[in-house]
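So the structure is just underneath, and the comments pick up after that.
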Amino acid sequence: MTTQSGSTEKLLYPDPIAMWHYYQNYRSEVFSNAQPRLEYLVSRIKAKSRQYNQRDISVLNIGVGNGYLERLVRDAGWRSYSLDLDYAAIRRVSKTGIAGVAGSIARLPFIDATFDFVVASEVLEHLTDIERQRGIAEVRRILKTDGWFLGTVPYRENLVDNYVFCPRCGNAFHRWGHQSAFDLDSLRGELSTSL
């Protein structure tokens, strides 16, 4: 990152496991604003499942947050699964009867054609280009033939607006660890080549 004075700052990305361990286990209230977005995604699952007359539905959520989406899925009578980098977050949702596994979107620990729906809401922007390409390919692999990938990303985010500086370590980084920004064309391009 170049500053106004022309000097270059070292831009780091926070350790995603440590960052999400903290927010998901000690500050889960930060996810409460996501509820309308997650409710919308579940409404899309309901609409698609009715369209195909599906009753026995399996849904994988990538990125647990506070577990709200998993609870909505379970309460709708569907099979709810979670994947997250953080073991503690997986243990927490598992205590509520939701199946979960710790792992990465870039190496999904599921067999081919397992899920009717895969949800990745506010996840793709946290990934490097290589992780994102592998992750989207992995989602394609684990989706059933007529399955659906549903997700959200920040729209046209100016990443620099959310850079913060740590006076202790001397590094600048995106406050949420975002590594990419998307608009409709760039997202379509990524998904069309991978899915």
**Message:** What is the distance in Å between the Cα centroid of the range 121-195 and that of the range 32-82?
**Reply:** 20
**Assigned charges on the beta-carbon of Lys, Arg, Asp, Glu; the range 126-170 dipole about Cα centre (debye)** = 140
**Asked** If each of residue 55 and residue 146 carries a label point 7 Å out from its Cα toward its Cβ, how far apart are those two points in nm?
**Response** 1.5
**Request:** At 1.4 Å probe size, with every protein chain present, just tell me what the per residue accessible area of the range 5-143 comes to in Å².
**Result:** 52
**Request:** Answer with one residue from 111, 85, 96: the one whose Cα lies farthest towards the positive end of the charge dipole of the range 85-195, charges on Cβ with Lys, Arg +1 and Asp, Glu -1.
**Result:** 96
**Asked** Of the chymotrypsin sites (Phe, Trp or Tyr not before Pro) in the range 4-104, which ones lie in a loop per DSSP and count no more than 13 other C-beta atoms within 10 Å?
**Response** 52
**Asked** Over the range 126-195, what relative contact order in percent results from Cα pairs under 8 Å that are six or more residues apart?
**Response** 43
**Message:** What is the percent carbon and sulfur in the accessible area of the range 8-104, measuring with a 1.4 Å probe over the protein chains and ignoring ligands?
**Reply:** 51
**Item:** Relative contact order for the chain, counting Cα pairs under 8 Å that sit 6 or more residues apart, in percent
**Value:** 20
**Request:** About the Cα centre of the range 85-195, how large is the charge dipole given +1 on each Lys and Arg Cβ and -1 on each Asp and Glu Cβ? Please answer in debye to the nearest 20.
**Result:** 480
**Request:** Pick out which of 177, 151, 77 has the largest mean-square fluctuation in a Gaussian network model of the chain, springs linking Cα atoms closer than 10 Å.
**Result:** 77
**Asked** If you place +1 on the Cβ of every Lys and Arg and -1 on the Cβ of every Asp and Glu, how big does the dipole about the Cα centre of the chain come out, in debye to the nearest 20?
**Response** 580
**At R0 = 22 Å, FRET efficiency that the Cβ-Cβ distance of residue 28 and residue 166 yields, to 0.05** = 0.40
**Request:** Using 0.36 nm per residue of separation minus the Cα-Cα distance, give me the extension gain between residue 40 and residue 159 in nm, one decimal.
**Result:** 40.3 nm
**Fill in**
Per DSSP loop assignment and a cutoff of at most 12 other beta carbons within 10 Å, the chain keeps its longest run without exposed trypsin sites (Lys or Arg not before Pro) at 96-155
**Fill in**
Expressed as a whole-number percentage, the relative contact order of the range 85-168 with C-alpha contacts under 8 angstrom and at least six residues apart is 31
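The values are calculated or read from the model by the stated rules, or taken from the named source; none is laboratory data. Keep in mind that this is a model prediction, so the values were computed, not measured. Note: ideal-geometry Cβ built from the backbone for every residue, glycine included; neighbour counts use all protein chains shown. Note: areas computed on protein heavy atoms with side chains; ligands, DNA, RNA excluded. Shrake-Rupley method; radii C 1.70, N 1.55, O 1.52, S 1.80 Å.
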